[in-house]
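Beneath this line is the structure, given in structure tokens, with notes to follow.
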Amino acid sequence: MKKATMTGLVFLLNLLAVPLFAQSLNDVFGLWKTIDDETGKAKSVILVYKYQDTLYGRIVMTLDDNELPKDTWDKPTERAEEMPDKPFYSGLDMIWDMEPRGDKWAKGKICDPAKGKVYGCEINYDDAKGELLVRGKIGPFGRNQFWQKVQPADLPAGFTIPENPVPSIPRT
């Protein structure tokens, strides 16, 4: 009798945990301000979106040293000189092929377009802080960044968010 009760309890707890993980996985979508972990300043605005059950992150705006818009996805000006083909920063998918793994997104890639480097990536939503923990890594070694949520009302007048983006993975 105790074994059946324990099995039922474990089953019930698993059913309750699935919606919690699903909610945490969905909290990552939207607009996020990247914060440089060395300077503490905002560098860009990223649109984290889902395409065919896979997560992607596109730079939609770069920011200058005063954290004001420098260029946007629909009017790009700055190029990632260290990357093959020198793509524009704004409009670049810098995160791609992320898959859900428990309560986080993993198994994908993130690029540092300023350096032309590509790393493994994990993304986790920190519910307590309302921030996105983005980890770029090579094997067990890596670096964390904490991104801040951006509301559409916080964006400059006239800025439009890309609708239904289709991934465009950069050549690396």
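Of the numbered criteria (1) of a type in the set (D, E, K, R); (2) under 17 Å from LEU132 (Cα atoms); (3) out of contact with any strand residue (DSSP E or B) (no Cβ under 9 Å at 6 or more places or on another chain), the one LYS104 fails is (3).
Matching residues to (1) under 18 Å from PRO167 (Cβ atoms); (2) aliphatic (A, V, I, L, M):
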residue: ALA42; (1), (2): no, yes
residue: LEU55; (1), (2): yes, yes
residue: LEU63; (1), (2): no, yes
residue: MET83; (1), (2): yes, yes
residue: TYR89; (1), (2): yes, no
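Of all the criteria given as (1) closer than 21 Å to LEU133 by Cβ; (2) crowded, with 16+ Cβ neighbours inside 10 Å; (3) more than 19 Å from the chain's Cα centre (by Cα); (4) not basic (Lys, Arg), the one not satisfied by THR39 is (2). Looking at the structure I just gave you, is GLY120 of a type outside the set (S, T, N, Q) and surrounded by fewer than 14 Cβ atoms within 10 Å (Cβ to Cβ)? The answer is no for GLY120.
Just one of PHE29, PHE88 is surrounded by fewer than 20 Cβ atoms within 10 Å (Cβ to Cβ), among the aromatic types (Phe, Trp, Tyr), closer than 23 Å to LYS137 by Cα and at pLDDT 95 or above; which is it?
Within the list PHE29, PHE88, the selection yields PHE29.
Just one of the listed residues (VAL150, VAL166) is β-branched (Val, Ile, Thr), exposed (fewer than 13 other Cβ atoms within 10 Å of the Cβ) and at pLDDT 95 or above, namely VAL166.
The values are calculated or read from the model by the stated rules, or taken from the named source; none is laboratory data. Keep in mind that this is a model prediction, so the values were computed, not measured. No Cβ is skipped: glycine too gets one built from the backbone with ideal geometry, and neighbour counts run over all protein chains shown.
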